[in-house]
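What follows is a single structure, written as structure tokens, with notes after it.
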Amino acid sequence: MEFLISLALQVLILLVAVPALTGGGVMVRQGGFFRGLLVLVCIGLTNSILWFALTLLTVGMTLVLQFLTFGLVGLLINALAIKCTSAALKDVLYVRGFGSAFAAALIMVLGNCAIRYFLF
């Protein structure tokens, strides 16, 4: 049950908070809950694939860099996942540029931290 509540709140962050705080730089086109859910799942899959590929290519150095930069590498990979998802789903997700994707990644991470803090 907590997973479904968390997922619904993450979709709301994507549909409401991200476009508002990025000035429309990242938004789900014709946003509905299920389109937001589709985008969220695609971002998650892309993020997992990017982490796996970068960890293999750098022989584990991605994890070390993540630790040494206090999570900045993770934000960059999340922003890259958002940008790649927008390229794959052009009719569903609009991203103005990498800066907007980075801001959206930061908002999503802070929103997920708030969800975990208040729900669990």
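Which residues, counting only those in segment 17-36, are hydrophobic (A, V, I, L, M, F, W, C), closer than 11 Å to residue 92 by Cβ and touching a residue at least 12 places away in the same chain (Cβ under 8 Å)? Quick ask: steps written out before the conclusion?
From segment 17-36, those hydrophobic (A, V, I, L, M, F, W, C) are 17-18, 20-21, 26-28, 33-34; that's our starting set.
From what's left, closer than 11 Å to residue 92 by Cβ: 27-28, 34.
Correct list: 27, 28.
Could you list, in sequence order, all residues of segment 87-108 that are without any contact (Cβ under 8 Å) to a residue 24 or more places away in the chain and either under 13 Å from the mean Cα position of the chain (by Cα) or assigned to a helix (DSSP H, G or I) (or both)? Walk me through it before giving the result.
Let us first name the residues in segment 87-108 that are without any contact (Cβ under 8 Å) to a residue 24 or more places away in the chain, namely 87, 90, 98.
Across segment 87-108, the qualifying residues are 87, 98.
Could you check, for segment 12-29, whether at least one of its residues is under 12 Å from the mean Cα position of the chain (by Cα), farther than 28 Å from residue 1 by Cβ and hydroxyl-bearing (Ser, Thr, Tyr)?
Checked segment 12-29: no residue is under 12 Å from the mean Cα position of the chain (by Cα), farther than 28 Å from residue 1 by Cβ and hydroxyl-bearing (Ser, Thr, Tyr).
Please go through (1) surrounded by 15 or more Cβ atoms within 10 Å (Cβ to Cβ); (2) within 18 Å of residue 86 (Cα to Cα) for residue 24 and return the number of the only condition it doesn't satisfy.
Of the numbered conditions (1) surrounded by 15 or more Cβ atoms within 10 Å (Cβ to Cβ); (2) within 18 Å of residue 86 (Cα to Cα), the odd one out for residue 24 is (1).
Pick from 76, 63: which is part of a helix (DSSP H, G or I) and touching a residue at least 24 places away in the same chain (Cβ under 8 Å)? Reasoning before the result, please.
Working: 63 fails: touching a residue at least 24 places away in the same chain (Cβ under 8 Å).
Result: 76 is the single residue among 76, 63 that is part of a helix (DSSP H, G or I) and touching a residue at least 24 places away in the same chain (Cβ under 8 Å).
When residues of segment 42-61 are filtered for being surrounded by 13 or more Cβ atoms within 10 Å (Cβ to Cβ), among the hydroxyl-bearing types (Ser, Thr, Tyr) and farther than 19 Å from residue 105 by Cα, how many remain?
1
From the set of residues in segment 77-120 that are hydroxyl-bearing (Ser, Thr, Tyr) and over 21 Å from residue 51 (Cα atoms), which is surrounded by the fewest Cβ atoms within 10 Å (Cβ to Cβ)?
Step one: filter segment 77-120 for residues hydroxyl-bearing (Ser, Thr, Tyr), giving 85-86, 94, 100, 117.
Now narrow it down to the ones that are over 21 Å from residue 51 (Cα atoms): 94, 117.
Details: 94: 16, 117: 8.
If we take residues in segment 77-120 being hydroxyl-bearing (Ser, Thr, Tyr) and over 21 Å from residue 51 (Cα atoms), then 117 is surrounded by the fewest Cβ atoms within 10 Å (Cβ to Cβ).
Report yes if some residue within segment 71-82 is more than 19 Å from residue 112 (Cβ to Cβ) and more than 13 Å from the chain's Cα centre (by Cα); otherwise report no.
no
State the number of residues belonging to segment 64-76 that are over 30 Å from residue 31 (Cβ atoms) and exposed (fewer than 14 other Cβ atoms within 10 Å of the Cβ). Let's see the steps before the verdict.
Pass one, segment 64-76, residues over 30 Å from residue 31 (Cβ atoms): 64-70.
Narrowing the set further to residues that are exposed (fewer than 14 other Cβ atoms within 10 Å of the Cβ) leaves 64, 67-70.
Of the residues in segment 64-76, 5 are over 30 Å from residue 31 (Cβ atoms) and exposed (fewer than 14 other Cβ atoms within 10 Å of the Cβ).
FYI, it's all coordinate maths here, none of it is from the lab. Just so you know, these numbers come straight off a predicted model, no measurement behind them. Ideal geometry is used to build each Cβ from the backbone, glycine not excepted, and the neighbour counts take in all protein chains shown.
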